[in-house]
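The values are calculated or read from the model by the stated rules, or taken from the named source; none is laboratory data. In this text, all values refer to a predicted model and were calculated from it rather than measured experimentally. With ideal geometry, Cβ positions are generated from the backbone for all residues, glycine too; neighbour counts draw on all protein chains shown. With ligands, DNA and RNA removed, areas are computed over all heavy atoms of the protein, side chains included. Shrake-Rupley method; radii C 1.70, N 1.55, O 1.52, S 1.80 Å.
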Amino acid sequence: MAAVDRNAEALCVPRKQLMESSGNAVARAVRGLADAGASVTVVAGRGNNGGDAFVAARFLDDYEVSVRLLGRPESIATDIARENWEALRAAECDAEAVTDSANLDLGDPDVVVDAMLGTGVTGALREPEATAAKAVNDLDASVLSVDVPSGVDADTGESAGVAVDADRVVTFHDEKPGLSALDAEVTVADIGIPAAAERFTGPGDLLALDRPSQSHKGDFGEVLVVGGGPYTGAPALAAQSALRAGADLVRVACPEAVAREIQGYSENLILRPYDGERLASEHVEDVLSLAADHDVAVLGPGLGDHEETLAAVAEFLERYDGTAVVDADALQVVPEVDTEATLLCTPHQGELRKMGGETDEDWRTRADLASEFAAELGHVLLVKGAYDVIAAGDETRVNRTGNPGMTVGGTGDVLAGAAGALACVLSPFQAAAVAAYANGRAGDAAVEENGYGLLATDLIDRLPAALRSDTR
């Protein structure tokens, strides 16, 4: 939901507007629990969950409403929640801050609105929320929780300690998985988030990439790029892109004949060469052994379409059971291979046709066709185009970043490498969506700075900034 909210904002639906709609939905739910004139106590946290309740209190002017903020007003986390708190204070509503849980007095209300914590919080409740939850549960009142009962994991419905025992939950936009496990009436309120916020990739998708402060080397994956032979730039671009997209270690398995040339592109590349001039069946065993020590393999950049090489690709996929990004000439063998591997295939529309798929000039039709073909293959597809289509059969996303300057050679290798790095930490479908968004975003930044005539390396240089979740 945090991602959807951010994407909606990027679509010019501001969070403040969504908070007004959410608060109105909470107020409607209160009206369903008690008649006008009833007493209502709002127990609010310092996040946007509390902000929703502040708005609801404004809509309930025909009720006896008391608002108790858990914490100091200056610690309210967002500007819009703080503005709505100040609106209550300016209107001289009964709104007080409680800085010591021992002083929490909820009165004897008919309805309690639990707006302490939202869907983004997991684990056991801490103070003052733990004491407040116990106090709410001890009241003889109807309990309405905003989005999810405080202390309940929205994904599982479980709690790690005390949690609010809600009679009713009003949640927003879509039902959260854990709510079905609750003994409570759940209402899903439409708050005006456009379908495009989920359909199209956006800055919200980058929120999944936030890193814990205590991260260690290896936490974000190791990628093996299997490429090179007739071409040397492609595997080097893919490997450098994987590094720039956040992988901790990237190695390149390539023919000995081109290893020195590939190494020359960057001192950051670690090579694992094998004998010969191209990938062949006698190399598959060694490459499989290498791949087993990596989180993701990127298969295809620069391999070429020699018959011997394509046979080796097929053998690799038949025996591989890990996660692989498949690109370039390696794509054409995917439909004919029976594999236990989890594949993310990144064809442009010509390569898609060679795989046996169909396409169309209209992106909506193209998305439907890609979804059907992904379901038939049993793999994730990232079909490149002016509008990229990411399909996994049961879900489809569309990416609109990018520009005509990205028709230059090598941008697909950059995308494959980025997808490989992201697949170390995200599901293949999510990795494809984020990679497409960031790759296009990097291309847009390059064109904005220098105009058309960009190079694939321009995208690599801008990938880290394009993957930052704190930029719009």
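Checking ASP155, ASP147 one by one, the residue that is within 17 Å of the chain's Cα centre (by Cα) and open to solvent by 10 Å² or more (accessible area, probe 1.4 Å) is ASP155 and no other.
Going by the conditions given, is LEU179 out of contact with any Asp or Glu (no Cβ under 6 Å at 6 or more places or on another chain), part of a helix (DSSP H, G or I) and open to solvent by 40 Å² or more (accessible area, probe 1.4 Å)? For LEU179, the condition - out of contact with any Asp or Glu (no Cβ under 6 Å at 6 or more places or on another chain), part of a helix (DSSP H, G or I) and open to solvent by 40 Å² or more (accessible area, probe 1.4 Å) - is not met.
When ALA370, ALA324 are checked against the criterion of being within 22 Å of the chain's Cα centre (by Cα), of a type outside the set (Phe, Trp, Tyr) and within 25 Å of ARG211 (Cβ to Cβ), ALA324 stands alone in meeting it. Only residues in the stretch 383-404 that are more than 16 Å from LEU344 (Cβ to Cβ) count as the first member; pair them with residues that are of a type in the set (Ser, Thr, Tyr), Cβ under 6 angstrom, at least 6 apart or cross-chain, and list the lot. Once the first residue is more than 16 Å from LEU344 (Cβ to Cβ) and sits in the stretch 383-404, its partners that are of a type in the set (Ser, Thr, Tyr) give VAL398/TYR387; ARG400/TYR387; THR401/TYR437. Note on the stretch 260-360: enclosed helices (runs of 4 or more DSSP H) holding 3 or more residues that are open to solvent by 10 Å² or more (accessible area, probe 1.4 Å) and closer than 30 Å to THR457 by Cβ are 349-355.
When you check ALA3 against the structure, is it modelled with pLDDT under 95, over 21 Å from GLU129 (Cβ atoms) and touching a helix residue (DSSP H, G or I) at 6+ places or on another chain (Cβ under 7 Å), yes or no? Spelling it out, ALA3 is indeed modelled with pLDDT under 95, over 21 Å from GLU129 (Cβ atoms) and touching a helix residue (DSSP H, G or I) at 6+ places or on another chain (Cβ under 7 Å). Just give me the residues in the stretch 210-247 being closer than 20 Å to SER289 by Cβ and open to solvent by 40 Å² or more (accessible area, probe 1.4 Å), in sequence order. Scanning the stretch 210-247 gives a single hit, GLU222.
Residues that are closer than 16 Å to GLY47 by Cβ, among the small types (Gly, Ala, Ser) and out of contact with any Pro (no Cβ under 9 Å at 6 or more places or on another chain) within the stretch 103-138 comprise ALA115, GLY118, GLY120, GLY123, ALA132, listed in sequence order. In this structure, does ASP248 turn out to be within 30 Å of the chain's Cα centre (by Cα) and within 30 Å of HIS173 (Cα to Cα)? It is false that ASP248 is within 30 Å of the chain's Cα centre (by Cα) and within 30 Å of HIS173 (Cα to Cα).
Yes/no per residue for (1) more than 30 Å from ASP138 (Cα to Cα); (2) outside any helix (DSSP H, G or I); (3) touching a strand residue (DSSP E or B) at 6+ places or on another chain (Cβ under 6 Å); (4) of a type outside the set (Ser, Thr, Tyr):
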position	(1), (2), (3), (4)
ALA163	no, yes, yes, yes
ALA166	no, yes, yes, yes
GLU175	no, yes, yes, yes
THR187	no, yes, yes, no
ILE193	yes, yes, no, yes
LEU206	yes, no, no, yes
SER213	yes, yes, no, no
